Each structure stands twice: as structure tokens, then as C-alpha cells.
Amino acid sequence: CRAIEIKIRNENNVLDLENKDLQYHLGAKVGNDYKYINFGNFIVQKPENQDVNEETTFTAFDYMCKFDIDYEPQITFPATLKQIAEDICSQCGVELGSQTFRNSNVSIPANPFINGEQCREVIKSIAKVSFSPAYIWQDNKLYFGFTPKTSVDEAITIDNYFEMKPN
């Protein structure tokens, strides 16, 4: 989960940021122009202290915090890992960005999540089976795998691999 800390002076209590979506952009001046990088949306949590009239610190988390709800399957089993991931994303209001990922077609015969697991725990389990990290990217979608490459020169080639011998 990515997090940002926001420290503001809220005079006259005019700002109400709790539970609001913020877009986080980082800017730099290049020549006479400003260039911005979008880091995605973040949801503001409760302030560090309840006195929001003066200087207050808020913490905001990316959309991974939306997965902190109980998992209640809306699909029937057997189901593939991708179907489970889509089901969770649908329940949490987050789009699944990875249309394919390692082992996404593995079929799960029955619901293994019967002990009140939260959606985040199920996402962690899918990530383990896919041998990949699960993360929210700048486009606010859930991905399994690694950062999507946008150009051919960034693609991994056979030269990037090395020989490994098991002990």
C-alpha cells in the first residue's frame, strides 16, 4: 500500500478531507514549463489528531485500502484465479488491470476463503500463487506482476536472464 502524509493548516476548519479521494501529482519546472507526474488517487484517512482547526496531519493511502473489507464471493466455484480477482475488484470498486497474469487460469475447485478473510488477504493469496506482487498502479487499477512496460527498449530480453543452479 502506498501512502502519503499531508500536513496542512486548516484555518477556520474550511477543509474536510477525511474519506476524500485526492489525486497526487509531483511537479518539476523544466525550462519555463512545469511537468507533472501523476501518482494516482489516494484516500485520506482520519487525521492524526481530532483538532483540525490548526495544523493537522492526514495520511492518505492508494486504492489498496479499499480491499480492507470482508470477502463475500459473488461467483460460483470452481473459479479461476482471474475470476476471483475480478470478483474482489468488483466488490471493492477497483478495476483489475491485469487481464492475464502468471497462473491466472488455475482453477480453484471450492471457496478456500471461509474464515472471514478480508479481500486484501485473498489478493495476497492470489499474488503468492501467481509468484507476483499485487499493487495499485498510477491508473488506480490492481495489477499482479511487475510495472507495465511502455516501450520496446524497456522490455526484458534473454540477455537479462542468468543461469541458476539449485543447491
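The values are calculated or read from the model by the stated rules, or taken from the named source; none is laboratory data. In this text the structure is predicted, and so the values were computed from the model without any measurement. Reconstructed Cβ throughout: ideal geometry from the backbone, glycine too, with neighbour counts over all protein chains shown. Calculation scope for accessible area: heavy atoms of the full protein, side chains included, ligands and nucleic acids excluded. Shrake-Rupley method; radii C 1.70, N 1.55, O 1.52, S 1.80 Å.
For the pairs K29/K66; K29/K141; K20/K141, flag any whose C-alpha to C-alpha distance is greater than 24 Å. Before the final figure, lay out the partial values.
Numbers: K29/K66 34 Å; K29/K141 29 Å; K20/K141 18 Å.
Flagged as over cut-off: K29/K66; K29/K141.
Hey, what do the phi angles of the range 26-42 turn into as Karplus ³J(HN,Hα) couplings, whole Hz, using 6.51/-1.76/1.60 and θ = phi - 60°, x for Gly and Pro?
Here the 3J(HN,Hα) series is 10, x, 9, 8, 10, x, 9, 10, 9, 10, 10, 10, 8, 9, x, 8, 9 Hz.
With a point put 7 Å past each Cα toward its Cβ, work out how far E121 is from E5 in nm, to one decimal.
Between E121 and E5, the simple spin-label model gives 3.0 nm.
Modelled label-to-label distance, F131 and E95, 7 Å Cα→beta-carbon offset: nm?
Here the modelled spin labels are 3.0 nm apart.
Could you size up the charge dipole of the range 57-114 around its Cα centre, putting +1 on the beta carbon of Lys and Arg and -1 on that of Asp and Glu, and report it in debye to the nearest 20?
In debye, rounded to 20, the range 57-114 gives about 240.
What FRET efficiency, computed as 1/(1 + (r/R0)^6) with R0 = 35 Å and r the Cβ-Cβ distance, is obtained for D70 and H25, rounded to the nearest 0.05?
The pair D70/H25 has a calculated efficiency of 0.55.
Once amide H atoms are placed 1.01 Å from N in the peptide plane, what residues at a sequence separation of 5 or more from F77, or on another chain, have their amide H within under 5 Å of its amide H?
For F77, whose amide H was placed from the backbone, there are no distant partners under 5 Å.
Report the trypsin sites (Lys or Arg not before Pro) located in the range 23-123 that are in a DSSP loop and have at most 15 other Cβ atoms inside 10 Å of their Cβ, or state none.
R102
Taking 0.36 nm per intervening residue step and subtracting the Cα-Cα distance, what contour gain separates V106 from Y34 on full extension?
21.3 nm is the gain from fully extending V106 to Y34.
Using DSSP to call loops (not H, G, I, E or B), can you name the GluC sites (Glu not before Pro) in the range 87-146 whose Cβ has at most 16 other Cβ atoms within 10 angstrom?
Qualifying residues, ordered by number: E95, E117.
Give me the accessible area of S90, 1.4 Å probe, in Å² rounded to the nearest 10.
Counting only protein heavy atoms, S90 exposes about 90 Å² to solvent.
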